[in-house]
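Report on the structure given below.
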Amino acid sequence: MKKVFILSLLMLGLISLQNVSATTITILDTYWGADPTHGWSDRDIIGEDQYFSVTKMMVTFHSLGMYVDVYTRYLDNIGLYSTSLGDLFISTNGWNPRGTAPYTEDNFNLGGEAWEYVLVMDNHSPNPGGGQLSGNLSLFSVNNSKIILSSAPSGYVYRAGQEVKYNAQGLSALASGTWSIGNWGAPDTNDYLRFAINYHGFSDVTNYGFHWTMSCANDVIEGGAVIPEPGTVLLLGAGMLGLGFVGWYRKRRS
């Protein structure tokens with residue numbers, strides 16, 4: 001009976017430790033980026049909110065890697081005005097944008113955050129209405145010369161100088177993953193684009209930055225995410241095990 005109880009206690013502790021090691025951080029859209037073309041200044045979203053609004057990014061770190069959910073109404077409007085989805089840029093040494101919130105002086109040409117990695121989608125123009133709700137992606141180290149900046153057809157307003165996609169042609173990927181569109185089907189703010197990657201190269205990173213937008217960059221989300229150091233997580237899990245054992249031992253002796 002004693003062995004069974006101790007084994008159960010250890011299993012409970014391991015389950016708790018596994019749960020502790022999964023951390024979700026929410027990044028709200030407080031980033032604007034440098035002024036758009038054609039004088040549309042002093043605003044976060046260029047064009048109609050119901051077409052391009054990005055509300056938040058939820059980053060979940062787990063023992064194998066991470067997944068990032070970008071919540072945006074643009075998923076109901078992919079292809080509008082000749083636009084398309086963007087790739088996800090990642091910093092692994094913190095987030096250091098140019099200027100102060102809402103960062104209206106920040107774009108690629110003026111400096112700011114230098115991205116170390118990017119998750120590149122295999123299809124930037126899926127048709128969710130036709131059932132194209134998922135695909136593959138690849139992880140690459142960033143070379144600034146291969147970053148593709150925001151653009152739009154002649155005469156259209158867009159936010160210039162924003163990192164949108166990455167030209168990975170001929171490059172070898174560090175890892176592979178998947179992208180998917182969730183909650184699609186209703187014109188609301190609950191649709192999300194998920195980037196999922198299992199990559200042990202991130203195991204020692206605790207201070208991240210993330211950046212995503214559509215090809216016109218009519219709404220850009222960018223921000224930082226700090227997670228507990230792995231040693232802190234392990235210590236917390238060990239503490240749970242220790243407290244459970246002390247409680248059992250005291251009860252046994254009483």
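Where a number appears in this text, it was derived from the coordinates with a stated rule and is not lab data. Nothing here was measured: the structure is a model prediction, and the numbers come from that model. Note: ideal-geometry Cβ built from the backbone for every residue, glycine included; neighbour counts use all protein chains shown.
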*Would you list Lys56, Lys165, Lys146 from fewest to most Cβ contacts within 10 Å?*
Lys146, Lys56, Lys165
*Starting from the amide H of Gly223, placed 1.01 Å from N in the peptide plane, find each other amide H under 5 Å away whose residue is 5 or more places distant or on another chain.*
Phe210
*Sum up the charges of everything whose Cβ sits under 15 Å from the Cβ of Ile197, counting Lys and Arg as +1 and Asp and Glu as -1, but leave Ile197 out.*
-3
_Cut-off under 5 Å, modelled amide H: who pairs with Gly65 long-range_ = Tyr199
*Which whole-Hz couplings ³J(HN,Hα) result when phi for each residue of the range 139-150 is put into the Karplus expression 6.51 cos²θ - 1.76 cosθ + 1.60, θ = phi - 60°, listed in order with x for Gly and Pro?*
9, 10, 6, 8, 10, 4, 5, 9, 6, 9, 8, 4
*Per the Kirkwood treatment, what hydrodynamic radius in Å, one decimal, follows for the range 113-206 from the mean inverse distance over all distinct Cα pairs?*
15.3 Å
*Compute the Rg/Rh shape ratio of the range 154-202: radius of gyration over Kirkwood radius, all on alpha-carbon atoms.*
1.08
*asked:* Please rank Glu105, Glu222, fewest neighbouring Cβ atoms within 10 Å first, as an exposure proxy.
replied: Glu105, Glu222
*State the three equivalent ellipsoid semi-axes of the range 30-76, derived from the C-alpha gyration tensor as the square roots of 5 times its eigenvalues, in descending order and whole Å.*
28, 13, 7
*Ranked by Cβ crowding within 10 angstrom, fewest neighbours first, how are Ser82, Ser150 ordered?*
Ser82, Ser150
*In whole Hz, with x marking every Gly and Pro, tabulate ³J(HN,Hα) for the range 202-215 from phi via Karplus 6.51 cos²θ - 1.76 cosθ + 1.60, θ = phi - 60°.*
8, 5, 9, 8, 10, 10, 10, x, 9, 8, 8, 6, 7, 4
*Compute the whole-percent fraction of alpha carbon pairs in the range 77-118 spaced more than 12 Å apart.*
68 percent
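Rounded to a whole number of µm²/s, how large is the Stokes-Einstein D of the range 19-227 at 10 °C and 1.306 mPa s, given Rh as the Kirkwood radius over C-alpha pairs?
Estimated via Stokes-Einstein, D reaches 93 µm²/s.
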